[in-house]
Every structure is written in structure tokens, then in C-alpha cells.
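Here the structure comes first, spelled out in C-alpha cells, and everything after it is commentary.
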Amino acid sequence: MDKLTPPPVIAIDGPSASGKGTVAQRVAHALGFHYLDSGALYRLVALKVLQAGYNLHDETQLADAARNLNVVFQDSAISLEGRDVTDDIRTEQCGILASQLAAYPGIRAALTDRQRAFRQRPGLVADGRDMGSVIFPDAALKIFLTASAEIRAQRRYKQLMEKGINANIADLLQDIKNRDDRDRNRSIAPLQQHHDAQLLDTSSLTISQAENAVLSWYDEIRAKNRV
Ligand code: CDP
């Protein structure tokens with residue numbers, strides 16, 4: 001790869017709780033690539049908005065808050081204004097508000113450059129909703145990673161329990177369906193399988209099987225010398 005060629009990107013998009021974060025992190029680790037959890041940025045904006053008590057209808061103020069977020073990502077820890085918020089941003093309250101705020105064009109625009117800045121050598125694995133369609137349209141590999149809503153509710157339940165956060169499967173399933181509707185039907189950067197993305201349905205796959213599927217697609221691309 002010459003110095004002028006931008007570092008390769010693997011874009012993994014998909015719905016809530018599909019397991020794309022876990023798969024993306026493992027693929028990044030296996031390849032020695034950087035990792036971008038773009039949903040964490042929307043969750044950070046939500047946490048900031050909750051803490052500051054901003055008016056949810058004042059899009060200009062919300063976009064300013066998104067643009068000026070003082071965030072540090074270090075390994076798997078995330079801090080906001082010097083305070084560790086790694087677990088705080090994972091609550092359902094933050095997730096739901098993140099999905100509402102993510103429908104504001106001004107907020108999405110305010111986060112665009114911050115996301116692109118993660119594209120560093122030797123490469124990047126980025127997960128979210130619009131990684132392949134908007135943020136990294138020239139990604140070497142685009143994947144739409146999904147699973148049935150029921151399986152996703154079970155996965156989210158297990159994940160929250162492991163973190164000691166109380167949850168109820170029926171509520172989680174309803175929340176996942178609501179979030180799918182909101183993410184799919186918004187006018188800006190809606191969640192959808194991009195025409196050039198590979199579909200990876202993980203409903204009956206283990207995490208390792210899903211990781212291996214991504215790695216072998218990427219190997220094929222490398223073998224064809226396109227990266
Ligand atoms: O963990 P989960 O998959 O539920 O959500 P997340 O990836 O942490 O993202 C939280 C919310 O941010 C999602 O419901 C999306 O509405 C929004 N989001 C987005 O609009 N675009 C992205 N690239 C990433 C997240």
C-alpha cells in the first residue's frame with residue numbers, strides 16, 4: 001500500500017444488539033486494525049444532553065454539544081470531560097435517547113469528521129448504522145450484520161445482566177423493535193443494507209463463526225489485491 005492510498009476500512013452496519021460491536025472488535029484485534037464504535041459517540045451525546053438538561057427541540061444547541069464533546073477513547077475505556085463513562089453510556093435510557101438524537105441531521109454532521117479521524121494505518125473496523133453508506137463509502141468491505149429481533153433481545157439481556165444492569169426481556173424486545181423502526185424510517189442515514197454490503201445473519205452463528213466469516217471475506221478482497 002503506497003503512502004497516498006487511504007488506510008482500508010471494514011464497515012460493519014446493522015441493527016441494535018445484533019452483535020456487530022463484538023464481531024467488529026474481534027475482527028479489528030485479529031487484523032491489528034483500529035476500531036470505531038460509532039454508536040458510542042451518539043450515546044455520549046445523549047449522556048451529555050441528559051447531564052446538561054438541554055432542550056431536546058433546540059437542534060442548534062444539540063449539534064453544538066455534539067461538535068464540542070470532550071471525549072477520550074483509550075483502549076476500551078471512554079471518558080467524557082475527564083470522567084470515566086464507559087458503563088454510563090450503555091444504559092437503555094442513553095441508547096433510546098441516542099437513537100432519537102441520531103435522527104437530527106445537525107448532530108450527524110457534527111460527528112462526521114470525528115468518525116473519519118479514526119481512519120488510521122494500518123486500517124479501521126468501524127461499526128454503526130451508516131459506516132458503509134455515509135461515513136466510509138469507499139470501505140474495502142461492507143457488511144450488514146443482523147439477527148432476528150428475538151435473538152437480539154436475548155443477547156442484549158445477557159449483556160446487561162453481565163454488567164449488573166437489571167432488565168426484562170419483553171421490554172427489551174419492544175425497545176429493539178421501536179429502535180429498529182426509528183433507525184430504519186428516519187429520513188437521514190436510515191439503517192438499511194447498502195447495495196454493495198454483504199449480508200451476515202448471525203441468528204444461528206456463534207461470535208467466532210461471525211468473526212471468521214468477516215475475516216474470510218476480507219482475505220478474499222486482499223487476495224484479489226484490491227486492498
Ligand atoms: O448498542 P446498540 O446497537 O443498540 O446501539 P449503538 O450502536 O450503541 O447506537 C445507539 C444509537 O445511535 C442507535 O440506536 C442509532 O440510532 C444511533 N446510531 C446511528 O444513528 N448511527 C451510527 N453510526 C451509530 C449509532
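Derivation of every value follows stated rules applied to the coordinates shown; laboratory data play no part. Quantities reported herein were computed from a predicted structural model and do not represent experimental measurements. Glycine gets a Cβ as well: all are built from the backbone with ideal geometry, and neighbour counts include every protein chain shown.
Looking only at strands (runs of 3 or more DSSP E) that fall completely inside the range 1-85, which ones have 2 or more residues that are within 16 Å of the chain's Cα centre (by Cα) and under 20 Å from Ala139 (Cα atoms)?
Working: elements: 9-13, 34-37, 71-74, 77-80.
Qualifying strands (runs of 3 or more DSSP E): 9-13, 34-37.
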Condition first: surrounded by fewer than 20 Cβ atoms within 10 Å (Cβ to Cβ) and within 26 Å of Leu215 (Cβ to Cβ). Can you find one or more residues in the range 58-73 that meet it?
yes
Leading residue by the ranking (surrounded by the fewest Cβ atoms within 10 Å (Cβ to Cβ)) among those in the range 152-199 that are away from the ligand (no atom under 13 Å from the Cβ) and under 18 Å from the mean Cα position of the chain (by Cα):
Leu199
So which of Tyr54, Tyr104 is more than 30 Å from Ser204 (Cβ to Cβ), of a type in the set (Phe, Trp, Tyr), surrounded by 14 or more Cβ atoms within 10 Å (Cβ to Cβ) and more than 14 Å from the ligand (Cβ to nearest atom)?
Tyr54
Before we move on, is Arg90 basic (Lys, Arg) and within 21 Å of Asp183 (Cα to Cα)?
yes
Take Ala109 and tell me if it is part of a loop (DSSP other than H, G, I, E, B), surrounded by fewer than 20 Cβ atoms within 10 Å (Cβ to Cβ), within 13 Å of the ligand (Cβ to nearest atom) and touching a residue at least 40 places away in the same chain (Cβ under 8 Å).
no
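Tell me, which residue of the range 74-87 that is crowded, with 17+ Cβ neighbours inside 10 Å and more than 23 Å from Arg179 (Cα to Cα) is nearest to the ligand (Cβ to nearest atom)?
Just the residues of the range 74-87 that are crowded, with 17+ Cβ neighbours inside 10 Å, to begin with: 78, 80, 85.
Imposing the further condition that a residue be more than 23 Å from Arg179 (Cα to Cα) reduces the set to 78, 80.
Values: Ile78: 11, Leu80: 15 Å.
Within the range 74-87, the match that is nearest to the ligand (Cβ to nearest atom) is Ile78.
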Within the range 1-20, residues away from the ligand (no atom under 16 Å from the Cβ) and of a type outside the set (Lys, Arg) come out as Met1, Asp2, Leu4, Thr5, Pro6, Pro7, Pro8
Considering the range 119-134, residues that are over 12 Å from Ala28 (Cα atoms) and among the hydrophobic types (A, V, I, L, M, F, W, C), and then whichever is surrounded by the most Cβ atoms within 10 Å (Cβ to Cβ), we arrive at Met131
